[in-house]
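Participant: Submitted below is the structure of interest, expressed as structure tokens.
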Amino acid sequence: MESAKAITRFVRISPRKARYAAALMRGRDVKAAALQLAYSKLRGGRLLKKTLDSAVANAETQLDARREELRVVEVRVDPGPILRRAKPRSRGSSVPVNKRTSHFTVVVAKG
């Protein structure tokens, strides 16, 4: 089975939140997955839709596939590097703030 892949790295959303949107598109055909992401209120859905569109464009150019015959085979949201910040608290102390990032991988294939 021929497949095309798109990777988006260092996206400023925590992987846990992005995985909710990834679950909406897993195992669907491309048209249904795009609709799910477009009408969901999740911020991760908007970000994952860009990666899905890129994977579809890669499949159209590399595999000569039409959008209608493509299916989402794999969606992966991996953790990226964590930006560590500190927030000042009372009496001169501070608490850590972790700004998490994600790496998105979307694989589409014919069939």
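The values are calculated or read from the model by the stated rules, or taken from the named source; none is laboratory data. Quick caveat, the model's predicted, so the values are computed rather than measured. Neighbour counts run over all protein chains shown; Cβ positions are idealised from the backbone, glycine included. These accessible areas exclude ligands, DNA and RNA; they are computed on the full protein's heavy atoms, side chains included. Shrake-Rupley method; radii C 1.70, N 1.55, O 1.52, S 1.80 Å.
Participant: Can you tell me how many residues in segment 30-49 are closer than 15 Å to Val106 by Cβ and open to solvent by 60 Å² or more (accessible area, probe 1.4 Å)?
Facilitator: Count: 3.
Participant: List pairs: first in segment 15-27 and closer than 12 Å to Val106 by Cα, second part of a helix (DSSP H, G or I) and open to solvent by less than 60 Å² (accessible area, probe 1.4 Å), Cβ under 7 Å, 6+ apart or cross-chain?
Facilitator: From residues that are closer than 12 Å to Val106 by Cα, the pairs are Ala22/Leu48; Met25/Ala33; Met25/Leu37; Met25/Leu48; Met25/Leu52.
Participant: Further question: Provide a single number: the residues in segment 1-16 that are open to solvent by 60 Å² or more (accessible area, probe 1.4 Å) and under 10 Å from the mean Cα position of the chain (by Cα).
Facilitator: 2
Participant: Can Gly80 be described as of a type outside the set (Phe, Trp, Tyr), more than 10 Å from the chain's Cα centre (by Cα), open to solvent by 10 Å² or more (accessible area, probe 1.4 Å) and at positive phi?
Facilitator: no
Participant: Right, another one. If I ask for residues that are closer than 15 Å to Leu24 by Cβ and out of contact with any Lys or Arg (no Cβ under 8 Å at 6 or more places or on another chain), which ones from segment 75-95 would you list? Quick ask: steps written out before the conclusion?
Facilitator: Taking segment 75-95 and keeping what is closer than 15 Å to Leu24 by Cβ, we get 75-77.
Arg76 - this is the single residue of segment 75-95 that is closer than 15 Å to Leu24 by Cβ and out of contact with any Lys or Arg (no Cβ under 8 Å at 6 or more places or on another chain).
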